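Following: one structure in structure tokens, then a few remarks.
The values are calculated or read from the model by the stated rules, or taken from the named source; none is laboratory data. All of these numbers come straight from a predicted model, not from anything done at the bench. Positions of Cβ are generated from backbone atoms using ideal geometry, with glycine treated the same way; all protein chains shown enter the neighbour counts. The accessibility values were calculated without ligands, DNA or RNA, using every heavy atom of the protein model including side chains. Shrake-Rupley method; radii C 1.70, N 1.55, O 1.52, S 1.80 Å.
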Amino acid sequence: MDLPVKNPSDTQTLTDSFGRQITYLRLSVTDRCDLRCRYCMAEDMVFLPKSDVLTLEEMLELSEAFMARGVRRIRLTGGEPLVRKNILWLVRALGQHVENGLLDEVTLTTNGTQLPHLAANLYEAGVRRINVSLDTLDEDQFKAISRRDKLDTVLAGIEAAQAAGLRVKINTVAMRHFNDADIPDLVDWAIGQGLDITLIETMPLGDVEGGRENSYLPLTEVKTTLNKRFDLEPSGYRTGGPARYYSVAGSQAKLGLITPLTNNFCDGCNRVRVTCTGRIYMCLGQDDHIDLRAALRSPEKRTALNTALDKAMGLKPRGHDFAMSDGKMIGKVNRHMSQTGG
Ligand code: SAM
Ligand code: SF4
């Protein structure tokens with residue numbers, strides 16, 4: 001495999017107009033998924049034709065262009081990253097860059113369904129920690145939320161990941177009428193399994209059946225409930241991401257809260273997202289984007305990519321505009337999370 005080629009503009013780190021340095025790329029490798037989580041997708045999603053999606057080789061080239069501009073961490077996401085055919089090829093290639101010191105880490109966010117057969121391969125490829133999304137331990141609720149009957153597979157996947165040596169963090173989207181009653185048990189389970197867990201407020205990304213407001217559950221409310229059962233202490237632990245952490249007395253586990261609606265966290269943003277078609281979105285909650293695929297397919301690709309990345313930095317907004325106002329979610333964007341990459 002080629003090492004990232006240096007060219008003169010490669011030496012400039014990616015810094016936006018607010019002085020924030022971009023060191024973290026979230027790369028969506030597919031918009032497809034084997035679940036249909038209600039807050040993320042409609043049941044009858046129309047997926048992109050395969051011809052629109054970047055090849056894995058192009059994704060590697062793109063990643064290397066970001067690395068040459070100072071990106072040190074890459075998270076593969078989707079859709080469900082592990083349903084992308086031959087995904088291990090890309091993970092191995094990025095894992096090599098971790099081994100040769102050009103990246104600090106390659107990670108994934110996954111729904112866990114493919115982990116029973118892929119966890120060990122991921123570890124071998126150089127992945128050391130992953131996020132697994134899990135919203136409930138109740139089989140019926142799992143079916144209701146994800147519209148698929150796969151709780152047992154996901155739990156087996158988490159077990160396989162731990163057995164393979166991967167550090168697992170659970171991500172849980174908090175939803176009224178769905179998992180509000182299950183969250184304390186889920187937190188308790190995570191602590192018992194030695195897993196960190198992060199709760200996330202549902203964000204207004206794309207339209208979903210029944211609207212978003214009905215299922216919106218502020219984490220301030222969840223925290224009040226959790227305080228009755230757990231002794232939570234604010235922790236100084238930070239990952240550079242949006243979560244604020246709490247330690248749980250009597251355990252090593254950390255509880256993270258991501259509160260886009262009740263508390264904006266954009267000041268320290270260090271990331272950008274690239275879709276599986278090669279569009280860079282500078283903010284999850286805004287529509288500005290730039291097509292990197294055209295640059296990637298142009299004859300002077302590295303120069304064209306660098307020019308596009310510089311333009312993207314100039315367009316990175318200060319932050320998202322998600323908020324609740326008079327019981328309505330505002331700041332909506334039309335893309336589903338599965339399109340941009342979570
Ligand atoms: N399929 C993988 C998974 O579920 O982990 C990766 C992609 S998924 C889009 C990434 C994360 O986004 C998941 O943790 C999911 O729960 C979260 N997510 C999706 N839609 C969301 C929304 N509208 N608000 C908040 N989180 C959302
Ligand atoms: Fe699929 Fe992840 Fe979206 Fe659920 S949250 S539908 S698992 S992409």
Subject >> Within the range 147-215, GluC sites (Glu not before Pro) in DSSP loop having at most 15 other beta-carbon neighbours inside 10 Å >> reply: 209
Original post:
Relative contact order of the chain: what whole-number percent is it, with Cα pairs under 8 angstrom and at least 6 residues apart?
Top reply: 21 percent
Original post:
Dividing the Cα radius of gyration by the Kirkwood radius, what Rg/Rh value follows for the range 223-293?
Top reply: 1.13
**OP:** Treating only the Cβ atoms of Lys and Arg (+1) and Asp and Glu (-1) as charged, compute the dipole magnitude of the chain about its Cα centre; round to the nearest 20 debye.
**Re:** 780 debye
**OP:** Give the distance, in whole Å, between the Cα centre of the range 55-123 and the Cα centre of the range 157-221.
**Re:** 23 Å
Original post:
residue 328: which lysines have alpha carbons under 25 Å from its alpha carbon, excluding same-chain residues fewer than 8 sequence positions away?
Top reply: 223
Subject >> Surface per residue (accessible, 1.4 Å probe) for the chain, Å² >> reply: 43 Å²
**OP:** Over the chain, with every protein chain in place, what whole percent of the accessible area is carbon and sulfur at 1.4 Å, could you tell me?
**Re:** 48 percent
Original post:
In terms of the Cα gyration tensor, with a ≥ b ≥ c the square roots of its eigenvalues, is the range 106-260 rounded because a/c is under 1.5, prolate because a/b exceeds b/c, or oblate?
Top reply: oblate
Subject >> Inter-label distance, nm, simple model (7 Å from Cα along the C-beta direction), residue 328/residue 213 >> reply: 0.7 nm
Original post:
What pairs in 50/301; 301/332; 85/311; 85/169; 50/150 have C-alpha atoms more than 28 Å from each other?
Top reply: 301/332; 85/311
Subject >> Ellipticity estimate at 222 nm from DSSP helix runs (n ≥ 4, -39,500 (n - 2.57)) divided over the chain, nearest 500 >> reply: -9000 deg cm²/dmol
Original post:
Among the Cys residues of the chain, which have no other cysteine Cβ under 4.7 angstrom away?
Top reply: 33, 266, 269, 276, 283
**OP:** For residue 251 and residue 233, compute 0.36 nm times the residue count separating them, minus their Cα-Cα distance, and round to one decimal in nm.
**Re:** 5.3 nm
Subject >> More than 27 Å apart - percent of Cα-Cα pairs taken over the chain >> reply: 44 percent
